[in-house]
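Here is the structure we will look at, set down as structure tokens.
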């Protein structure tokens, strides 16, 4: 099966049908999750610590198989794909991990370029793009530093640059602004929004930061006791309600 | 831009230990292979020399009688040549037992006839025995082929032992490398996971480990082979320079085939390491999504 950019225009970028997840013999972490993310959508995922946000994201970036149900990306049920086909799908998904997962023996530049290296691209073809991206996230001067010498915020920015360097069709970010100051947080959000608007990248961001959620008019999904609900307290519906109330005053 | 950093970091301590183990195994395997080959060559050389050779001993005959017996033997079908040994030759044969001062004239010695049979002659020993007895000669026929058979059997066992040693050493090396690959994979799980989630195919990840262990096997094998070459050369030098009798060591030399074995040792070690690494990584990756 060949996956092409045209798949971006499939009806659905991500679909979860009755997905449950449990580790070993424990109780279900996630239970009967149904979720549809349209191509080019922007969503937030919230929930208390331990609610299963990271587990749900792992299902989305194909690091875990569901115990029950089906995860489909770009209209393709992943349970029916070969390993090579799964790898091809993963190349279309950029991930910002909560714990960054940078490779300590590589420089910031090499960490960002890693997905391009995996694709087999020659360094000369992406050097300027990677340097530009690093400069954009404020690390132009530190591109040859290795992660252990970078601050938490700098590492986070390297992780974000690595996730977006291939201009993925889906961007999944787990607490992407947790270690940066508000100004950098807003700047990174603008990057995500730009990717979403310019390239119709489907973005889903897991966060505790309600300030971040309020910045964007986007649906908010909340995980509660293993179940996924659409949050009405934040997001576009709540925002509209607040606006109406303000106008009435 | 500087050269790209390898995706798998070099792990000095662990890889040095593995390098030492693989090098030592290659050294032993190369020596065992050289021994097996040398044993095979020795067996061929020894048996080729004695096959078709017989010695007829005439305890009661004088020189004239022995000469008659020689003619009788030579006239027998299947005999290529029969030669009566001189007194000096008999003395030389007995020298290791009685010393170089010569034997007393009064000591009764049998007359000896060295017989060479035609290559396709069969049962020549019993035929000669029968004809000499019929002609009134007390005799004893020593067929060297009997001794050659014993030598062949002994050398076949020695060869089998050497080949078993080679096979065991090779499989030990493969097992050690597979174990080391697995350990490296576990130690580098973080890197493997990141590559995997970045869309790297299994064979791409396996390729990183394959290259690493191919080079390690190649280098360790080269060191092992060089040490084996040194050991073999030292052994040959010691034997030849000691002035010892080397008649029993006809193949103790380094020829083209021996050098080929030594050249192939690192290549085989590298390939074995590469295959072991590939199988281990692919198998391990299949356990994750």
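The values are calculated or read from the model by the stated rules, or taken from the named source; none is laboratory data. Quantities reported herein were computed from a predicted structural model and do not represent experimental measurements. Cβ sites come from the backbone with ideal geometry, for glycine too, and all protein chains shown count toward neighbours.
Answer with yes or no whether residue B:163 is within 14 Å of chain A (Cβ to nearest Cβ) and assigned to a helix (DSSP H, G or I).
In short, no.
Please determine whether any residue of region B:185-192 is over 28 Å from residue B:152 (Cα atoms), more than 14 Å from every other protein chain (Cβ to nearest Cβ) and surrounded by fewer than 14 Cβ atoms within 10 Å (Cβ to Cβ).
Yes, that holds for at least one residue.
This table checks each residue for (1) modelled with pLDDT of 95 or more; (2) part of a loop (DSSP other than H, G, I, E, B); (3) more than 12 Å from every other protein chain (Cβ to nearest Cβ); (4) at positive phi.
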position	(1), (2), (3), (4)
A:102	yes, yes, no, no
A:133	no, no, yes, no
A:153	no, no, yes, no
A:156	no, no, yes, no
A:172	yes, no, no, no
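Could you tell me whether any residue of region B:29-40 is more than 14 Å from every other protein chain (Cβ to nearest Cβ), over 30 Å from residue B:178 (Cβ atoms) and either at pLDDT 90 or above or surrounded by 18 or more Cβ atoms within 10 Å (Cβ to Cβ) (or both)?
Yes; the residues of region B:29-40 include at least one that is more than 14 Å from every other protein chain (Cβ to nearest Cβ), over 30 Å from residue B:178 (Cβ atoms) and either at pLDDT 90 or above or surrounded by 18 or more Cβ atoms within 10 Å (Cβ to Cβ) (or both).
Kindly indicate the residue of region A:89-100 that is within 7 Å of chain B (Cβ to nearest Cβ) and not in a strand (DSSP E or B) and also surrounded by the most Cβ atoms within 10 Å (Cβ to Cβ) among those meeting that condition.
Checking each candidate, the answer is A:90.
Go through region B:64-94 residue by residue and tally those that are exposed (fewer than 14 other Cβ atoms within 10 Å of the Cβ) and either under 17 Å from residue B:118 (Cβ atoms) or not assigned by TED's automatic domain parsing to the domain that holds residue B:119 (or both).
Matching residues across region B:64-94 total 4.
Please go through region A:111-125 and pick out each residue that is more than 17 Å from residue A:160 (Cβ to Cβ) and either part of a helix (DSSP H, G or I) or more than 8 Å from chain B (Cβ to nearest Cβ) (or both).
Across region A:111-125, the qualifying residues are A:117, A:118, A:120, A:121, A:122, A:123, A:124, A:125.
Among residues belonging to region A:53-74 that are more than 18 Å from residue A:225 (Cα to Cα) and within 11 Å of chain B (Cβ to nearest Cβ), point out the one that is surrounded by the fewest Cβ atoms within 10 Å (Cβ to Cβ).
A:65
Among the listed residues A:147, A:115, which satisfies the condition of being under 30 Å from residue A:11 (Cβ atoms) and not assigned by TED's automatic domain parsing to the domain that holds residue A:48?
Residue meeting the stated conditions: A:115.
State all residues of region A:121-138 that are under 23 Å from the mean Cα position of the chain (by Cα) and within 19 Å of residue A:93 (Cα to Cα); if no residue qualifies, say none.
Correct list: A:126, A:129, A:130, A:133.
Could you tell me whether any residue of region A:40-48 is more than 14 Å from every other protein chain (Cβ to nearest Cβ), modelled with pLDDT under 95, surrounded by fewer than 19 Cβ atoms within 10 Å (Cβ to Cβ) and out of contact with any helix residue (DSSP H, G or I) (no Cβ under 8 Å at 6 or more places or on another chain)?
yes
Out of all the residues in region A:135-147, which are farther than 17 Å from residue A:167 by Cα and either in contact with a helix residue (DSSP H, G or I) (Cβ under 7 Å, 6 or more places away or on another chain) or more than 10 Å from chain B (Cβ to nearest Cβ) (or both)?
Those that are farther than 17 Å from residue A:167 by Cα and either in contact with a helix residue (DSSP H, G or I) (Cβ under 7 Å, 6 or more places away or on another chain) or more than 10 Å from chain B (Cβ to nearest Cβ) (or both): A:138, A:139, A:140, A:141, A:142, A:143, A:144, A:145, A:147.
Rundown of residues vs (1) assigned to a helix (DSSP H, G or I); (2) at pLDDT 90 or above, yes/no style:
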position	(1), (2)
B:207	yes, yes
B:213	yes, no
B:243	no, no
B:247	no, no
B:254	no, no
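It is to be established whether one or more residues within region A:152-168 are more than 16 Å from the chain's Cα centre (by Cα), free of Cβ contacts under 8 Å to residues at least 12 places away in the same chain and surrounded by fewer than 20 Cβ atoms within 10 Å (Cβ to Cβ).
No, there is no match, as no residue in region A:152-168 is more than 16 Å from the chain's Cα centre (by Cα), free of Cβ contacts under 8 Å to residues at least 12 places away in the same chain and surrounded by fewer than 20 Cβ atoms within 10 Å (Cβ to Cβ).
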